[in-house]
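Taken together, the values in this text are just the output of simple stated rules run on the coordinates, not laboratory data. Please read all numbers here as calculations on a predicted model, not as lab measurements. Here the Cβ positions follow ideal geometry from the backbone for every residue, glycine too, while neighbour counts run over all protein chains shown.
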């Protein structure tokens, strides 16, 4: 149970790391992307809107994972559903990155972290549901 809680906390906090992106000026986004060797981002209003919306969505998902982490067994099927959703997100990131010919380093961290955390959530959920052996 402890490992499940830790994994859910790590997932939630990782999602919350985008909160500064909601409030950061677009010029600063350009600085960050240049540091990682990513091409210049468009400054179109739609792109800025979608970027901030994505950050806010991830922040909400982070809060969701933290709520699950507090008492995972209370939330029933939402925990394994969240693990499956993470795995599917990781697969989608990987496929989309490959299909759009993005450099591997751009999407690999997103896809691998989602895959690993999703599998760990599922694994620790199964372990937490197994009956404990009684000591004599």
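Name the residues of the range 94-136 whose amide N is less than 20 Å from a point 7 angstrom out from the Cα of residue 81 along the C-beta direction?
Only 115, 117-129 fall inside the zone, counting backbone N under 20 Å.
Please work out the FRET efficiency for the pair residue 100 and residue 132, using the Cβ-Cβ distance as r and a Förster radius of 41 Å; give the result to the nearest 0.05. Walk me through the numbers before you get to the answer.
Numbers: r = 47 Å, r/R0 = 1.15.
It comes out at approximately 0.30.
Could you give the Stokes-Einstein D for the chain in µm² per second, using the C-alpha Kirkwood radius, 20 °C, 1.002 mPa s? Display every interim value, and only then the final one.
Numbers: Rh = 16.5 Å.
Diffusion coefficient, whole number: 130 µm²/s.
Can you give me the angle between helix 2-16 and the longest principal axis of the chain, using Cα atoms only, in degrees from 0 to 90, rounded to the nearest 10?
Its long axis makes an angle of about 20 degrees.
Can you put 5, 74, 130 in order, fewest other beta carbons within 10 Å first? Please report the intermediate quantities before stating the final value.
Values: 5 16, 74 10, 130 7.
Sorted ascending by nearby Cβ count, the order is 130, 74, 5.
Taking the chain as a Gaussian network, where each spring joins two C-alpha atoms under 10 Å apart, which residue of 41, 115, 88 fluctuates the most?
41
Taking Cα atoms, how many degrees apart are the long axis of helix 26-35 and the longest axis of the chain, rounded to 10 and kept between 0 and 90?
80
Fewest to most neighbouring Cβ within 10 Å: what's the order for 89, 4?
Details: 89 18, 4 24.
Lowest count first: 89, 4.
Cut-off 10 angstrom, C-alpha nodes, Gaussian network model of the chain. Which of 100, 31, 11 fluctuates the most?
Highest fluctuation of the listed residues: 100.
From the helices alone, meaning DSSP H stretches of at least four residues, give me the mean residue ellipticity at 222 nm for the chain, per-run term -39500 (n - 2.57), in deg cm²/dmol to the nearest 500.
Mean residue ellipticity, 222 nm, calculated: -25500 deg cm²/dmol.
Can you put 9, 125, 94 in order, fewest other beta carbons within 10 Å first? Before the final figure, lay out each step's value.
Working: 9 15, 125 21, 94 18.
Ranked by crowding around the Cβ, least crowded first: 9, 94, 125.
So how tilted is helix 78-99 from the main axis of the chain? Cα-based, degrees 0 to 90, rounded to 10.
Roughly 30 degrees, rounded to the nearest 10.
Going by a ≥ b ≥ c, the root eigenvalues of the Cα gyration tensor, does the range 68-136 fall in the rounded group (a/c under 1.5), the prolate group (a/b larger than b/c) or the oblate group?
Working: a/c = 3.93, a/b = 2.78, b/c = 1.41.
Prolate is the answer for the range 68-136, as a/c is 1.5 or above and a/b outweighs b/c.
Sticking with the crude label model, points 7 Å out along Cα→Cβ, report the distance from residue 92 to residue 73 in nm, one decimal please.
Placing both labels 7 Å beyond Cα along the Cβ direction yields 3.2 nm.
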